[in-house]
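Each remark here refers to the structure printed beneath this line.
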Amino acid sequence: METNERSSGGTMPDSPAKANNVPILQARNVSKHFGSVSALENVDFELYPNEILAVVGDNGAGKSTLIKILSGAYQPDEGELLMDGQHVSFKNPMDARRHGIETVYQDLALAAALDIASNLFLGREERRAGLVGSLLRALDKVRMRREAADHMSSLKIGLRSMRQPVETLSGGQRQGVAVARAVSWGKRVVIMDEPTAALGVKESGMVLELIKAVKARGVPVVLISHNLPHVFQVADRILVMRLGKRAGIAKPGEQTMEDVVALMTGASRAEIAAAAG
Ligand SMILES: Nc1ncnc2c1ncn2[C@@H]1O[C@H](COP(=O)(O)OP(=O)(O)OP(=O)(O)O)[C@@H](O)[C@H]1O
Ligand SMILES: [Mg+2]
């Protein structure tokens, strides 16, 4: 449990967590193969405190594989993971969660028939047995709904009733619930795989605002997206992946979307400009 040592050293001037140049989450030289397919080859990744880092790349570039390694769903064949400069290894998603890393997968993994409050606490409810237990469970439910409502309003997610089943929500509202759940448990890092895919303009806008709200709460975000305008709207840095490798880093304001497309496709700027017109 290397990372737990960090919290006690908060007042030291050179504490790793305080120094902004030490990545909160880092992967070094990570490779992952599936049979003969090389999904990731010697990839470096670093997420700094208080940033929104976008990960972009064509289909099959290795984005999901990378974030599955960062969230404990896959183990790398080679390479290492670090948090606050200390080695960590995640044997499963629970390990990553214990380190404060929460992931919103594209399929969201919400329980459709349960209400919003239950989804926010899914898998974390306290279990109590017996008659007294059933009374306490009822009280827990009231408390859960109140906490859920407070949490949703602190993130400016406008959902009126915490008792509404998730299956009756719109795509954007569901995304809001999934993100809110990740934010409430992701104490250190929130990772989102394609959170605006399949959402309309208004719903996407809400999710992008939510991503900024997470950052404003001091939690850095990894955003995987195919939507470059969305990426340029919120990201501080952009990690470009290509064919399982890290193609480069771009920054909105310093590079253009064309530069990013060039990195994604491996084309030179001149070729892109020629193709554009
Ligand atoms: N579980 C798996 N078994 C076999 N091959 C896999 C597996 N997961 C990923 N791959 C392969 O690894 C490569 C990278 O896949 P990955 O899902 O990471 O891409 P991606 O960048 O997330 O793509 P997309 O934008 O389409 O989501 C692909 O060639 C994919 O077919
Ligand atoms: Mg993917």
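So which residues in segment 249-266 are part of a helix (DSSP H, G or I) and more than 16 Å from ligand 2 (Cβ to nearest atom), if there are any at all? Walk me through how you get there before you give the answer.
We begin by selecting, within segment 249-266, every residue part of a helix (DSSP H, G or I); these are 257-265.
The answer is Met257, Glu258, Asp259, Val260, Val261, Ala262, Leu263, Thr265.
Out of the residues in segment 43-73 that are of a type in the set (S, T, N, Q) and more than 8 Å from ligand 1 (Cβ to nearest atom), state the one that is nearest to Arg188 (Cα to Cα). Write out each step before concluding.
Going through segment 43-73, the residues of a type in the set (S, T, N, Q) turn out to be 50, 59, 64-65, 71.
Those still in the list that are more than 8 Å from ligand 1 (Cβ to nearest atom) too: 50, 71.
Numbers: Asn50: 10, Ser71: 12 Å.
Filtering segment 43-73 for residues that are of a type in the set (S, T, N, Q) and more than 8 Å from ligand 1 (Cβ to nearest atom), the one nearest to Arg188 (Cα to Cα) comes out as Asn50.
Restricting the first residue to segment 231-243 and requiring it to be basic (Lys, Arg), which pairs with a second residue that is within 15 Å of ligand 2 (Cβ to nearest atom) and part of a loop (DSSP other than H, G, I, E, B) meet a Cβ separation below 7 Å and a spacing of at least six or different chains?
Arg242/Gly57; Arg242/Ala61
Only residues that are of a type outside the set (D, E, K, R), surrounded by fewer than 21 Cβ atoms within 10 Å (Cβ to Cβ) and assigned to a loop (DSSP other than H, G, I, E, B): list them for segment 225-236, please.
His226, Asn227
If a residue must be away from ligand 1 (no atom under 16 Å from the Cβ) and either at negative phi or buried (at least 17 other Cβ atoms within 10 Å of the Cβ) (or both), how many such residues does segment 84-106 contain?
So the answer is 16.
Check off (1) over 25 Å from Lys212 (Cα atoms); (2) surrounded by fewer than 22 Cβ atoms within 10 Å (Cβ to Cβ) for Leu81 and give me the number that stays unchecked.
Result: Leu81 fails condition (2) only.
Does Pro229 fit the bill of being closer than 24 Å to Gly60 by Cα and more than 16 Å from ligand 2 (Cβ to nearest atom)? Give the steps one after another, and end with the answer.
On the way: closer than 24 Å to Gly60 by Cα: yes; more than 16 Å from ligand 2 (Cβ to nearest atom): yes.
Yes: the conditions hold for Pro229.
Considering each of Met192, Met206 in turn, give the residue that is of a type outside the set (Gly, Ala, Ser) and more than 16 Å from ligand 1 (Cβ to nearest atom). It would help to see each step written out before you state the result.
Details: Met192 fails: more than 16 Å from ligand 1 (Cβ to nearest atom).
Exactly one residue qualifies, and that residue is Met206.
Could you tell me whether segment 86-97 includes any residue that is touching a Lys or Arg at 6+ places or on another chain (Cβ under 8 Å), modelled with pLDDT of 95 or more and part of a strand (DSSP E or B)? Steps first, answer last, please.
Within segment 86-97, the first condition is being touching a Lys or Arg at 6+ places or on another chain (Cβ under 8 Å), and the residues that meet it are 86.
With the extra rule that they be modelled with pLDDT of 95 or more, the set shrinks to 86.
Pick out the ones that are also part of a strand (DSSP E or B) and you get 86.
Checked against the condition, which is being touching a Lys or Arg at 6+ places or on another chain (Cβ under 8 Å), modelled with pLDDT of 95 or more and part of a strand (DSSP E or B), segment 86-97 yields at least one hit.
For (1) among the hydroxyl-bearing types (Ser, Thr, Tyr); (2) part of a strand (DSSP E or B); (3) over 22 Å from Ile69 (Cα atoms); (4) at pLDDT below 90, each residue gets a yes or a no:
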site	(1), (2), (3), (4)
Arg181	no, no, no, yes
Ser184	yes, no, no, yes
Met192	no, yes, no, no
Gly218	no, no, yes, no
Ile238	no, yes, no, no
Ala247	no, yes, no, no
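Give me the pairs, please: first residue somewhere in segment 21-39 and without any contact (Cβ under 8 Å) to a residue 40 or more places away in the chain, second residue anywhere and more than 8 Å from ligand 1 (Cβ to nearest atom), beta-carbon distance under 8 Å, and either six or more positions apart or on two chains.
Qualifying pairs under 8 Å: Asn21/Tyr48.
How many of the residues in segment 73-85 are in a loop (DSSP other than H, G, I, E, B) and either in contact (Cβ under 8 Å) with a residue 40 or more places away in the chain or farther than 21 Å from Gly62 by Cβ (or both)?
Just the residues of segment 73-85 that are in a loop (DSSP other than H, G, I, E, B), to begin with: 73-77, 84-85.
Add one more test, that the residue is either in contact (Cβ under 8 Å) with a residue 40 or more places away in the chain or farther than 21 Å from Gly62 by Cβ (or both), and what stays is 74, 76-77, 84-85.
Counting residues in segment 73-85 that are in a loop (DSSP other than H, G, I, E, B) and either in contact (Cβ under 8 Å) with a residue 40 or more places away in the chain or farther than 21 Å from Gly62 by Cβ (or both) gives 5.
So Glu41 fits all but one of (1) in contact with a Ser or Thr (Cβ under 7 Å, 6 or more places away or on another chain); (2) farther than 23 Å from Arg97 by Cβ; (3) within 16 Å of ligand 2 (Cβ to nearest atom); what number is the exception?
(3)
Out of everything in segment 189-213 that is in contact (Cβ under 8 Å) with a residue 40 or more places away in the chain and under 14 Å from Lys156 (Cβ atoms), what residue ends up being surrounded by the fewest Cβ atoms within 10 Å (Cβ to Cβ)? Please lay out each step first, then the result.
Taking segment 189-213 first, the residues in contact (Cβ under 8 Å) with a residue 40 or more places away in the chain are 189-195, 197, 206, 209-213.
Going one step further and asking which of them are under 14 Å from Lys156 (Cβ atoms), we end up with 206, 209-213.
Details: Met206: 21, Glu209: 16, Leu210: 24, Ile211: 25, Lys212: 13, Ala213: 18.
For segment 189-213, the residue satisfying everything is Lys212.
Of the residues Ile191, Ile211, Ile224, which is out of contact with any Ser or Thr (no Cβ under 8 Å at 6 or more places or on another chain), within 25 Å of Arg97 (Cβ to Cβ) and either among the hydrophobic types (A, V, I, L, M, F, W, C) or within 16 Å of ligand 2 (Cβ to nearest atom) (or both)? So that I can check it myself, show each step before the final result.
Numbers: Ile191 fails: out of contact with any Ser or Thr (no Cβ under 8 Å at 6 or more places or on another chain); Ile224 fails: out of contact with any Ser or Thr (no Cβ under 8 Å at 6 or more places or on another chain).
Ile211 is the lone residue from the list that is out of contact with any Ser or Thr (no Cβ under 8 Å at 6 or more places or on another chain), within 25 Å of Arg97 (Cβ to Cβ) and either among the hydrophobic types (A, V, I, L, M, F, W, C) or within 16 Å of ligand 2 (Cβ to nearest atom) (or both).
The values are calculated or read from the model by the stated rules, or taken from the named source; none is laboratory data. Keep in mind that what you see is a predicted model, and the values were worked out from it rather than measured. So basically every Cβ, Gly included, is an ideal-geometry build from the backbone, and we count neighbours across all protein chains shown.
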